[in-house]
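Below is one structure, written out as structure tokens; the observations come after it.
The values are calculated or read from the model by the stated rules, or taken from the named source; none is laboratory data. Here the structure is a predicted model, which is why all the values come from computation and not from measurement. A quick note on method: Cβ atoms are made from the backbone with ideal geometry, for glycine too, and the neighbour counts reach across all protein chains shown.
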Amino acid sequence: MKAVVQDRYGPAEVLRVADVDRPTAGPGQVLVQVRAAGVDPGVWHLMTGLPYLLRLGYGLRRPRNQVPGLDLAGVVTAVGPGVTGFTPGDAVYGTGAGTFAAYAVAPADRLALKPGNLSYTEAAAVPVSGQTALTAVRDAARVRPGQRVLVIGAGGGVGTYAVQLARAAGAHVTGVCGPGKLDLVRALGATEVVDHTRADLPDQRYDVVIDTGGNRPLSRLRRVLTPSGTLVLVGGEASDGKWLQGFDRQLRALALSPFVGPRLVPLVAKESTANLTALTELIEAGQVRPVVDRTFPLAGVADAIRHVGNGHTTGKVVITL
């Protein structure tokens, strides 16, 4: 089968399309014929091997899994021993390993039936970013009706979902984004929008701040929180340090949180069938929709990852097969 492969860490030039063996579904796994696969900043990190800290889990000298890709949407081809709830022919979406390929294996407990009102391309834009935003809004921030929520990076992959999920929870949402994304963020449910090229952050206080941008110091973010507010840090892109990059901010927040009034929460996203099912219900009810920035063919994965790496995408980038 055709797949994108990389045998070393580095820039997008390390990626190439090659013929590889089709994987097989083991116990608890599902083999999916991939129709579309999402691209997110996590894929860029795994391609470059930066920060170095992540290599402890993914391979010190080279990627342990030579086929990149996490998000997928496609059709079940086979199920492994012990799998219930999925049968060949089912349209599914979720997360797996090596999804930039014609076929990929995914754990059954990280898949769900594809929302009926989404195409495969749209569905592939949901799993990683949608579940990250769901974990941030529902679990980490515990957003409640009437709260004031500030979403930084509101026009990005996670931010577009965070705005919609906070709005669906009954919050008053303010979105911070670039000038070309203001109308979109407003259409997604933000009551107020802020152009980050003209103003840093609003001179107001918020019950919840969800920062997907990763380039503001904790001291600045704390100043826009109410005394009992919650700051949720999604990822970290603020530093050029090769060992931790922006994740040093996550560690500082973890250490500081017990000693300050506001809650500082470094986000650990949760991927599960239950979370995907919760998103499916919201999507099919019309409360949440994916935003697809651009699509690329499998042979264009390097260009897709470069596009994501520049940090200016609107919503998600998707690979179509």
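Leu165 - would you say it is of a type in the set (A, V, I, L, M) and in a strand (DSSP E or B)? Answer is no for this residue. Where strands (runs of 3 or more DSSP E) fall entirely within the range 67-156, those with at least 1 residues that are among the hydrophobic types (A, V, I, L, M, F, W, C) and within 18 Å of Asn275 (Cα to Cα) are at 71-79, 91-95, 103-107, 111-113.
Summed over the range 57-69, the residues that are surrounded by fewer than 17 Cβ atoms within 10 Å (Cβ to Cβ), more than 19 Å from the chain's Cα centre (by Cα) and not small (Gly, Ala, Ser) give a count of 6. Taking the range 158-175 as the range and being touching a strand residue (DSSP E or B) at 6+ places or on another chain (Cβ under 6 Å) and small (Gly, Ala, Ser) as the test, the residues that pass are Gly159, Ala162, Ala166, Ala171, Gly175. Among residues of the range 32-49 that are touching a residue at least 24 places away in the same chain (Cβ under 8 Å) and farther than 20 Å from Glu13 by Cα, those with a Cβ under 6 angstrom from a residue that is surrounded by fewer than 21 Cβ atoms within 10 Å (Cβ to Cβ) and of a type in the set (Val, Ile, Thr), sequence gap 6+ or separate chain, pair up as Gln33/Val75; Gln33/Thr77; Ala36/Thr121; Ala36/Thr320. Residues that are in contact with a Cys (Cβ under 8 Å, 6 or more places away or on another chain), in the same structural domain as Gly235 (by TED's automatic domain parsing) and under 29 Å from Pro227 (Cα atoms) are absent from the range 126-148 altogether. Is it the case that the range 94-106 has a residue that's without any contact (Cβ under 8 Å) to a residue 60 or more places away in the chain and in the same structural domain as Ala18 (by TED's automatic domain parsing)? Among the residues of the range 94-106, at least one is without any contact (Cβ under 8 Å) to a residue 60 or more places away in the chain and in the same structural domain as Ala18 (by TED's automatic domain parsing), which makes the answer yes. Within the range 70-82, the set of residues being out of contact with any Leu (no Cβ under 9 Å at 6 or more places or on another chain) and either buried (at least 20 other Cβ atoms within 10 Å of the Cβ) or among the polar types (S, T, N, Q) (or both) comprises just one member, Asp71. Residue check: Asp207 meets all listed conditions (1) part of a helix (DSSP H, G or I); (2) among the acidic types (Asp, Glu); (3) touching a residue at least 12 places away in the same chain (Cβ under 8 Å); (4) farther than 30 Å from Val34 by Cα but one, namely (1). Considering only residues in the range 83-104 that are surrounded by fewer than 21 Cβ atoms within 10 Å (Cβ to Cβ) and under 14 Å from Ala3 (Cα atoms), the one that is modelled with the lowest pLDDT turns out to be Ala97. In the range 167-191, the residues that are in contact (Cβ under 8 Å) with a residue 60 or more places away in the chain reach residues that are surrounded by fewer than 24 Cβ atoms within 10 Å (Cβ to Cβ) and of a type in the set (Val, Ile, Thr) with C-beta atoms within less than 6 angstrom, at least six apart or across chains, in these pairs: Lys181/Thr314.
The residue that is surrounded by the most Cβ atoms within 10 Å (Cβ to Cβ), counting only those in the range 1-56 that are at pLDDT below 95 and at positive phi, is Gly49.
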